[in-house]
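Peer 1: I'd like to ask you about the structure that follows.
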2 protein chains.
Amino acid sequence: MPKLSERSARMPESPIRKLVPLAEQAVKKGIKVHRLNIGQPDIHTSPEAMQAIRNIKAPVIEYTHSAGLESLRKKLVEYYKRFDIDVTPDDMIITTGGSEAISITLLACLNPGDEIIVPEPFYANYFSFATTSDVNVTPITSVIDNNYALPSIEAFESKITNRTKAIIICNPNNPTGYLYSREELEQIRHLVKKHDLYLLADEVYRELVFDGEYFPAMHLKGIEDNLILIDSMSKRYSATGLRTGALVTKNKDLINTALKFGQARLAPPYVGQIAGEAAIDTSTQYLNEVHAEYKKRRDFIVDALNKMEGVVCPMPKGAFYCMAKLPVDDAEKFCQWILSDFSYNNQSVMLAPASGFYSTKNSGKQEVRLAFVLNVDELKESMECLKHALLQYPGRDLEATSSLIQKSSVNIGI
Amino acid sequence: MPKLSERSARMPESPIRKLVPLAEQAVKKGIKVHRLNIGQPDIHTSPEAMQAIRNIKAPVIEYTHSAGLESLRKKLVEYYKRFDIDVTPDDMIITTGGSEAISITLLACLNPGDEIIVPEPFYANYFSFATTSDVNVTPITSVIDNNYALPSIEAFESKITNRTKAIIICNPNNPTGYLYSREELEQIRHLVKKHDLYLLADEVYRELVFDGEYFPAMHLKGIEDNLILIDSMSKRYSATGLRTGALVTKNKDLINTALKFGQARLAPPYVGQIAGEAAIDTSTQYLNEVHAEYKKRRDFIVDALNKMEGVVCPMPKGAFYCMAKLPVDDAEKFCQWILSDFSYNNQSVMLAPASGFYSTKNSGKQEVRLAFVLNVDELKESMECLKHALLQYPGRDLEATSSLIQKSSVNIGI
């Protein structure tokens, strides 16, 4: 049998999805599993998007331009204007989800062996995309004690080597819910300019900011050729399955090159583009309701978590995730145990162990990410379940979080 | 401004799509441009697929399993049974078009610097996918004099080095329309086994065979762990915009690894999968009508081309492309000229210069690929246009094809 590639060995299994077999077994045993492990909302897809799909008129589902439908790109220009982001339809290519925008950017900008700096914990697939393009991830650790704020600019700069080619930031952040301040972004701008780096700004959760103000990276001055906005329709219109995203940049060389990579895969999905275009006209009422619903869920889950003995959960300012430190020996083991050996009222919970969001070894060992993508009733059941699980778990370890709890009752909770 | 990657420089522009600006200018001048350059059929999408899209029931367009919907994979198992291809739902992952099946396979199987042997002329994007994974393409040239048949097994074997890791074949072939015989495939099987190579079999045109019999690579014995079937719904259901394909293999290590790459991009498009699943139940009547329509077009266009002075066009046995050698100094120049400096009855034709389908330099300089994806009335107008263009073209060169015409009136035409 021929060998697989070396990058196949380096390629991580999704930390979010690898518990799936255990969850499937639990379901087979008749246990109801609350899925807080993955950013798949239960909220109905934007009605405008759904209607566009059901009313599709074209007799042929055909390839679009490799850069995506011009009408969709024009519509996105309008959309970005709402945030004072000034771009043209030629500054973007429509991608198959935000995922493809990231992978095309890495392929187009970085050579094998180049480095990209990523504040950790980070969206686990950044590591996967770096692996597919043979790029090395240099993590810079943000810590729960400090609500996962950006580390100091000096710490950041100390990570830059002669192979450093890019920085990626996710704002609001998945998995931490952290919202970068204008000042933090200006500091990054300074580094990007000084060292002539690419800056990938993943802002797919911009519509979901609960406290504070979203400052678009596109507002940073003087780094127009360095900046790439990564976008996706998945989260704001509750339509992750559309696979419609965008790569946006004022750098003409990069957009022309990105288009060559886009041509290789011919075109992004047609129906996703039609639905995405319609989704941009989603009513304010829908968006407001969705926003209020997530805020309600956030407030509930963060409160419930912090009320559990030994649990610390900083308040996320945006996106629909929170990170929690648990009084356990090993969160990965706990996340397995809760599915395989535990149930409460015939229910269990699927969580994402945070170790998969760190590339520094042995980091985040007590942390989990919870996506508040279920309604408050289900969250109530989930938290009840989790509370009992933590009490029963054989590896319970209150020491794990005690110092944190003594230190920072200011930062955490509501 | 930071530099782009080295692979960006190597990445080719699509030879099929780079004439687009000239065509757009012609259209602006009021010229009707017949597009024979790209495999985008005018034939209506399978009604079953369309209906599935319009009747979509789910309230949330959500991520599916990273390997694709289980129901679609089960349905594909049924579909492959029609061709005596025996696989299970666990032997495949659904991909975003055949494109992604190829790129995941290359990423999973080949290291940077490894070589893949490809009979040329070949589907141009093979070269692009090789570039994105830093793999080298080793072409083995098939020639128009021999109807683009597979070169001898000795010629094939002489290309194998210690870096050779895979062979890719497209059957029926894009761009040549060639259909590999069982004997040819058995010879390839022999090589694959002897040198323990991967064999990528791109069989997306299997439903469009007009002469001879399609022999599925999956029928080859003893190379189960070496073989990867690349598939796509795009062509057989006239639904290129769905972006629904599949990577199919009995090699368990490979399928597990491919899934890791699949997890990175989360899931293939939801609507494309729903439509693809329904498309497998497309009526025989539709499939027969489509088949008959393409055959009619093929017969017409190949006859019309061979009737033009100095033009040679072997009869394709499958797919919906033909390659023609033209009496011109340089087909690329001709394809530009016909759009920018020519019109006949206010019409012009967009063709794909074949040089982009070769990786051997200066190959295919007089050849073009024509996709017979328009109806016979439009093809008539196109051929009338082309005939006059060839007569008027300043770089007309009857010498270019004369030896070929003298040699082989047996092989070519109908």
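Peer 1: Distance in nm between label sites at residue A:181 and residue A:362, each 7 Å beyond Cα in the beta-carbon direction?
Peer 2: Spacing of the two 7 Å Cα→Cβ label points: 3.3 nm.
Peer 1: Then there is this: Take every Cα pair under 8 Å in region B:47-279 that's 6+ residues apart, average their separations, divide by the length, and report that relative contact order as a whole percent.
Peer 2: 31 percent
Peer 1: Then there is this: On C-alpha positions alone, give me the angle between the axis of helix B:331-340 and the longest principal axis of chain B, in degrees, nearest 10.
Peer 2: The angle comes out at about 70 degrees.
Peer 1: Rounded, prolate or oblate: pick one for region B:32-123, where a ≥ b ≥ c are the square roots of the eigenvalues of its C-alpha gyration tensor, a/c under 1.5 means rounded, and failing that, prolate if a/b is larger than b/c, else oblate.
Peer 2: oblate
Peer 1: Per-residue mean of other chain beta-carbon atoms within 10 angstrom of the beta-carbon, peptide B:131-144? Before the final figure, lay out each step's value.
Peer 2: Values: counts 4, 10, 6, 6, 1, 0, 0, 0, 0, 0, 0, 0, 0, 0.
Mean inter-chain Cβ contacts per residue within 10 Å come to 2.
Peer 1: How large is the dipole of region A:47-279 about the Cα centre if only Lys and Arg carry +1 and Asp and Glu carry -1, each at its Cβ, rounded to the nearest 20 debye? Intermediate values should be presented prior to the final figure.
Peer 2: On the way: 23 positive and 30 negative charges, 132 e Å.
Computed charge dipole of region A:47-279: roughly 640 debye.
Peer 1: At a 10 Å Cβ-Cβ cut-off, how would you order A:223, B:274, B:94, fewest neighbours first?
Peer 2: The most exposed by this proxy come first: A:223, B:274, B:94.
Peer 1: Roughly how big is chain A's charge dipole about its Cα centre, with Cβ charges of +1 (Lys, Arg) and -1 (Asp, Glu), in debye to the nearest 20?
Peer 2: I would put it at about 660 debye.
Peer 1: Relative to the longest principal axis of the C-alpha atoms of chain A, give the angle of the C-alpha long axis of helix A:182-195, reported between 0 and 90° and rounded to the nearest 10°.
Peer 2: 60 degrees
Peer 1: Also: If you count, for every residue in B:237-246, the Cβ atoms of partner chains within 10 Å of its Cβ, what is the mean?
Peer 2: Average per residue, whole number: 5.
Peer 1: Which trypsin sites (Lys or Arg not before Pro) does region A:43-142 hold that lie in a coil by DSSP with at most 14 other beta carbons within 10 Å?
Peer 2: Loop-located and lightly packed - A:57, A:82.
Peer 1: Taking a label point 7 Å from Cα toward Cβ, how far is residue A:9 from its twins in the other copies, in nm, shortest first?
Peer 2: For residue A:9, the inter-copy label distances come out at 3.1 nm.
Peer 1: Say a label goes 7 Å from Cα toward Cβ at residue A:399 in every copy; what distances in nm does this one have to the rest, shortest first?
Peer 2: Relative to the other copies, residue A:399 has label-point distances of 9.0 nm.
Peer 1: Over region A:69-129, what per residue volume does the convex hull of the Cα atoms give, in whole Å³?
Peer 2: 120 Å³
Peer 1: Tell me the distances, shortest first, between residue A:113 and the same position across the other copies, using label points 7 Å along Cα→Cβ, in nm to one decimal.
Peer 2: Inter-copy label distances (nm, one decimal, shortest first): 1.0.
Peer 1: Can you compute the FRET efficiency between residue B:392 and residue B:27 using 1/(1 + (r/R0)^6), with r the Cβ-Cβ distance and R0 = 30 Å? Round to the nearest 0.05.
Peer 2: 0.90
Peer 1: Please give, to one decimal in nm, the separation of the simple spin-label points placed at residue B:158 and residue A:78, each 7 Å out from Cα toward the Cβ.
Peer 2: Spacing of the two 7 Å Cα→Cβ label points: 6.2 nm.
Peer 1: Under 8 Å for C-alpha pairs, at least 6 residues apart: give me the relative contact order for region B:177-304, rounded to a whole percent. Display every interim value, and only then the final one.
Peer 2: Working: 128 pairs, mean separation 25.2, N = 128.
It rounds to 20 percent for region B:177-304.
Peer 1: I would also like to ask the following. Counting only helical runs of four or more DSSP H residues, what would the 222 nm mean residue ellipticity of chain A come to if each run contributes -39,500 (n - 2.57) and the total is spread over all its residues?
Peer 2: Details: 14 runs with 158 residues, N = 414.
Helix contribution divided over all residues of chain A: -11500 deg cm²/dmol.
Peer 1: For a protection proxy built on the mean count of beta-carbon atoms within 10 angstrom, sort B:213-219, A:245-251, A:181-187 highest first, please.
Peer 2: Output ranking for B:213-219, A:245-251, A:181-187: A:245-251, B:213-219, A:181-187.
Peer 1: Would you mind calculating the gained length between residue A:70 and residue A:3 on full extension (0.36 nm times residue separation, minus the Cα-Cα distance), in nm to one decimal?
Peer 2: Full extension of this stretch gives 19.8 nm more.
Peer 1: Right, next: Other chains' Cβ within 10 Å of A:57-70 residues: what's the mean?
Peer 2: What the average comes to for A:57-70 is 5.
Peer 1: Going by alpha carbons, how many degrees (0 to 90, nearest 10) lie between the helix axis of A:270-279 and the longest principal axis of chain A?
Peer 2: 80 degrees
Peer 1: Something else now. Mind checking the full-extension length gain between residue A:375 and residue A:283? Use 0.36 nm per residue of separation minus the Cα-Cα distance, one decimal, nm.
Peer 2: 31.0 nm
Laboratory data are not the source of any read-out in this text; all were calculated from the coordinates shown. Because the structure is predicted, anything quoted here is derived from the model rather than measured. When we count neighbours, we look across all protein chains shown, and the Cβ atoms used for this are built from the backbone with ideal geometry, even at glycine.
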